[in-house]
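The structure under discussion appears below in the form of structure tokens.
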Amino acid sequence: MITLIYQLLREDEKFIIESAKKLNIELNLLSADKLILDPRNFQFKDKLILNRCLSQFIGDQITHFFETFNIKVINSLEVNHLCSNKFITSLFLIKNNIPTVPFLVFFHEEMIDKVSQILENYPLVLKPIYGSWGRLLAKINDRDAFEGIIEHKKNLSSPYHNIFYTTKFIEKPNRDIRITIIGKKIVSCVYRESFHWISNTARGGKIKICNLDKELENICQNLIEKIPEGIYGIDVFEYQNGYLVNELNNTVEFKNIQKVTGVNISDEIINFCLEKINND
Ligand SMILES: Nc1ncnc2c1ncn2[C@@H]1O[C@H](COP(=O)(O)OP(=O)(O)O)[C@@H](O)[C@H]1O
Ligand SMILES: [Mg+2]
């Protein structure tokens with residue numbers, strides 16, 4: 001009924017497999033390493049693909065291929081597109097009046113003084129437009145650091161490192177908030193606590209339960225109305241008695257959240273897949 005495509009069976013995927021067994025849903029496992037995406041010999045018997053590839057680039061090709069043959073994929077290409085590029089995500093948030101971190105993009109080192117002026121001085125944060133797990137983020141405390149890091153980035157071979165996505169540094173408490181949204185539902189809300197300014201769990205952030213207040217719930221409901229339906233991890237910062245949405249994530253890791261909150265996110269994922277199949 002459902003095919004789960006994976007590159008690595010992490011604890012998250014194992015939770016999904018357990019949920020499918022418990023709910024008596026046929027879940028077929030398919031390793032991306034065994035795939036040949038050949039359009040002349042297209043055969044597929046299941047009703048939906050749950051794409052859990054680790055690599056966003058490999059995952060995207062797979063989603064594109066199956067959607068071409070009208071097979072439903074979770075997350076859809078539309079969701080992938082919205083989440084994978086941080087600049088595209090930020091533009092979407094601004095366009096839909098969701099409070100977010102001030103950001104901009106520039107391409108040449110001669111702009112750095114103008115940029116720091118627009119973003120109201122240092123510290124700033126420079127991020128790769130594609131990336132996760134808090135990798136390659138740079139907090140820039142002054143002009144010298146900004147100049148140095150831009151020079152280093154310009155010498156990297158990948159063209160996307162020449163896109164300088166820059167945001168204001170947000171003086172948040174020693175934590176941020178991670179909300180999981182599945183379909184139209186807010187499924188969980190936790191803090192990620194850390195002594196480092198980068199609080200991803202992949203960088204040692206610890207999960208603690210967080211109660212969603214009315215203001216944050218309203219922001220999430222507003223977001224749910226605007227985003228294409230899917231499975232999302234939303235990063236939120238607490239700032240000056242309010243909230244700023246930092247980014248939207250695709251193919252979310254949830255094992256630690258499931259363990260700490262007791263919310264069965266993997267059940268929710270399977271139920272969402274079923275809902276999508278039945279809405280045909
Ligand atoms: N502008 C910022 N101000 C303060 N902290 C930030 C800022 N941007 C990112 N962080 C910290 O770094 C973490 C990772 O940043 P994020 O933009 O979510 O990238 P990734 O896709 O790698 O998770 C955030 O969860 C937060 O803890
Ligand atoms: Mg993040």
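General remarks:
- Scanning region 121-141 for residues that are more than 19 Å from Ser194 (Cβ to Cβ) and out of contact with any Pro (no Cβ under 8 Å at 6 or more places or on another chain) gives Asn121, Tyr122, Leu124, Leu126, Pro128, Ile129, Tyr130.
- Leading residue by the ranking (farthest from ligand 1 (Cβ to nearest atom)) among those in region 201-228 that are touching a Lys or Arg at 6+ places or on another chain (Cβ under 7 Å), touching a residue at least 40 places away in the same chain (Cβ under 8 Å) and more than 18 Å from Ile94 (Cα to Cα): Ile207
- Residues that are over 19 Å from the mean Cα position of the chain (by Cα) and touching a residue at least 40 places away in the same chain (Cβ under 8 Å) within region 171-200 comprise Glu171, Lys172, Pro173, listed in sequence order.
- Count - residues of region 135-167 that are within 16 Å of ligand 2 (Cβ to nearest atom) and under 20 Å from the mean Cα position of the chain (by Cα): 6
- Just so you know, in region 100-148 the residues that are more than 8 Å from ligand 1 (Cβ to nearest atom), part of a loop (DSSP other than H, G, I, E, B) and in contact (Cβ under 8 Å) with a residue 60 or more places away in the chain include one that is nearest to Asn241 (Cα to Cα), and it is Pro102.
- Residue ranges of strands (runs of 3 or more DSSP E) in region 204-280 with at least 2 members within 15 Å of ligand 2 (Cβ to nearest atom), under 20 Å from the mean Cα position of the chain (by Cα) and of a type in the set (A, V, I, L, M, F, W, C): 231-239, 242-249
- Checked against the criterion of being within 21 Å of Glu229 (Cα to Cα) and of a type in the set (Val, Ile, Thr), the candidates Ile98, Ile118, Ile140, Ile129 yield just one match: Ile98.
- Answer residue from region 149-162, given it is surrounded by fewer than 17 Cβ atoms within 10 Å (Cβ to Cβ) and touching a residue at least 40 places away in the same chain (Cβ under 8 Å) and is nearest to ligand 1 (Cβ to nearest atom) among those: Asn162
- For region 169-200, a residue qualifies if it is more than 9 Å from ligand 1 (Cβ to nearest atom) and not in a strand (DSSP E or B), and the qualifying residues are Pro173, Asn174, Gly183, Lys184, Phe195.
Read the figures in this text as sums done on the coordinates, not as results from a lab. Just so we're clear, the structure is a prediction, and the values are computed from it rather than from any experiment. Using ideal geometry, Cβ is built from the backbone for each residue, glycine included, and neighbour counts are taken over all protein chains shown.
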